[in-house]
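S.K.: Sharing a structure, written as structure tokens. Questions coming.
Rule-based calculations on the coordinates, nothing more; no lab input. Since the structure is predicted, the reported quantities are computational estimates derived from the model, not experimental observations. Virtual Cβ from ideal backbone geometry, glycine too; neighbours counted across all protein chains shown.
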Amino acid sequence: MGVIMAVLASREPTGGVMARFLLFATERYAIPILQPLADALGQAGHEVRGLFVDGAAGGGWPGLEHLDVHGAVQWRPSAVYSAANWVPPFIAGAKVQLFHGFNVEKRGDARGHFRVRGLFDLYCTQGPATTAPFRELAQRHGHFAVVETGWPKLDPLFGDEDAATRALREPAHGRPIVMFASTFTERLSAAPHLLDAIAREVARGDRYWLLTLHPKCSTSLFERYRALAGPNATFFETERLVSAQRAADVLLADTTSVVSEFVVQGKPVVTFRNRAPKPHMLDFDDPAALPGMLARAFAPEPALQQAIAAYAGQIHPYRDGQSSARVIAATQALLEGRLGPLRRRPFGAFVRSLQIRRAMGYWGRGA
């Protein structure tokens with residue numbers, strides 16, 4: 001079970017209370033989720049340290065000093081931020097859930113986005129569509145609080161354009177830009193089905209393509225998509241996902257949560273066999289229809305534009321690039337007791353803690 005951990009030790013946090021913060025995730029795709037939060041904490045004078053292992057080991061985080069799990073336990077953070085669906089309970093501090101994606105209905109809510117495992121004290125939700133269900137769960141369970149903050153990953157979409165975005169856009173030389181992203185879930189992935197159709201579009205050269213795949217996709221699939229790179233396309237890694245979303249004009253995808261991230265910008269998305277197609281998507285099921293679907297996306301009708309705006313407002317109404325700051329403020333409120341008393345965690349959390357210890361190979365003293 002791979003992990004990333006980053007510890008942020010505060011020199012002078014809000015309110016003058018000394019605090020330490022740990023960022024935790026299990027995959028490379030967590031890096032663009034956690035990086036804006038790390039930047040916000042760094043701008044406030046906090047010290048950052050981290051650990052990259054397994055699925056995240058291939059992703060860089062320049063300038064980050066690493067800790068191992070023993071060092072993280074000894075550090076005793078005041079709070080742990082998780083971009084995974086679990087967190088090590090034996091590390092000190094309040095446990096804060098940031099989510100690894102939007103709820104795109106890949107599976108039933110009982111198994112997916114709204115499943116409560118008894119590991120978190122605070123859920124920082126992305127928008128009304130997530131907040132309402134989690135507040136109902138909080139009232140029912142009583143052992144965690146909920147604050148709507150927006151999602152740190154999307155902060156860079158609404159700030160000043162970064163160099164990475166410009167670097168992805170410049171090779172297009174003014175051509176329209178299409179981004180392709182796909183989930184790794186085999187039964188939902190568009191990547192195997194659309195490869196040939198995308199290759200034909202790339203070869204035409206009238207549009208520029210930004211191509212990426214979920215880090216868990218097969219090596220052979222990665223090789224085939226990387227081979228499309230050239231004057232009309234580039235392949236980019238997960239860490240540049242947000243910059244690519246900002247650079248692109250239209251997204252081609254499937255049931256990946258990148259669809260929702262892209263729509264927040266007010267841009268059209270074309271989806272291939274989406275598990276739960278919605279009015280804000282242009283969904284299709286025949287690879288031969290790809291050229292026509294892209295043409296519709298580049299000339300969106302008013303009804304589609306209205307559907308995009310309505311959906312974006314429900315999942316993530318924040319356009320100020322300050323979600324990380326709201327997460328930090330919500331955490332401070334939790335630590336100061338301003339979110340009210342919480343019940344003890346359920347017995348299932350203790351069982352999960354033992355499972356996590358075994359998976360991480362850590363049997364030392366915990367919090």
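S.K.: Ordered by packing density, taken as the mean number of other Cβ atoms within 10 Å over each peptide's residues, highest first, how do 245-251, 150-156, 336-342 rank?
M.R.: On the way: 245-251: 22.9, 150-156: 26.1, 336-342: 11.7.
Highest mean packing first, the order is 150-156, 245-251, 336-342.
S.K.: Something else: Rounded to the nearest 500, what is the 222 nm mean residue ellipticity of the chain from helices alone, with -39500 (n - 2.57) per DSSP H run of 4+ residues and division by all residues?
M.R.: Using -39500 (n - 2.57) per qualifying helix, the result is -10000 deg cm²/dmol.
S.K.: Here's a follow-up. Say each of Q306 and H141 gets a label point 7 Å from the Cα, pointing the same way as Cα to Cβ; how far apart are those two points in nm?
M.R.: Calculated label separation equals 3.8 nm.
S.K.: Still on this structure, I have one more. Mind listing the long-range amide H neighbours of E148? Cut-off is under 5 Å, sequence gap 5 or more, other chains count too, H placed in the peptide plane at 1.01 Å from N.
M.R.: Residues meeting the criterion, in which the H sits 1.01 Å from N, are T125.
S.K.: Which peptide among 136-143, 206-213, 195-202, 24-31 comes first, and what is the full order, when sorted by highest mean count of other Cβ atoms within 10 Å? Present the calculation step by step, with values, prior to reporting the outcome.
M.R.: Values: 136-143: 13.5, 206-213: 21.0, 195-202: 17.4, 24-31: 23.9.
In decreasing order of mean packing, 136-143, 206-213, 195-202, 24-31 become 24-31, 206-213, 195-202, 136-143.
S.K.: Just how far, in whole angstrom, is the range 328-346 from the range 262-327 if you go by their alpha carbon centroids?
M.R.: 35 Å
S.K.: Taking the Cα centroid of the range 70-102 and of the range 128-160, what is the distance between the two, rounded to the nearest whole Å?
M.R.: Using only Cα atoms to place each centre, the spacing works out to 17 Å.
S.K.: How far apart, in nm, are the 7 Å Cα→Cβ label points at Q74 and D196?
M.R.: 5.8 nm
S.K.: Moving on. ³J(HN,Hα) across the range 252-261 via Karplus (A = 6.51, B = -1.76, C = 1.60, θ = phi - 60°), whole Hz, x for Gly/Pro?
M.R.: 10, 7, 9, 10, 5, 5, 4, 4, 5, 4
S.K.: How much net charge surrounds Q305 when only other residues with a Cβ under 15 Å from its Cβ are counted (Lys, Arg +1; Asp, Glu -1)? Walk me through the numbers on the way to the answer.
M.R.: Working: positive: K267, K278, R296; negative: D249, E301.
That works out to +1.
S.K.: Then there's this: What are the ³J(HN,Hα) couplings of the range 174-181, residue after residue, when phi is run through the Karplus curve with 6.51, -1.76, 1.60 and θ = phi - 60°? Round to Hz, x for glycine and proline.
M.R.: Values per residue, Gly and Pro as x: x, 6, x, 10, 10, 10, 10, 9 Hz.
S.K.: While we're on this one: So how far apart, in nm, are the two label points at Q314 and A289 if each is 7 Å from Cα heading toward Cβ?
M.R.: 2.2 nm
S.K.: Under unit Cβ charges (Lys, Arg +1; Asp, Glu -1), what dipole magnitude, rounded to 20 debye, does the chain have relative to its Cα centre?
M.R.: For the chain, the charge dipole is close to 1220 debye.
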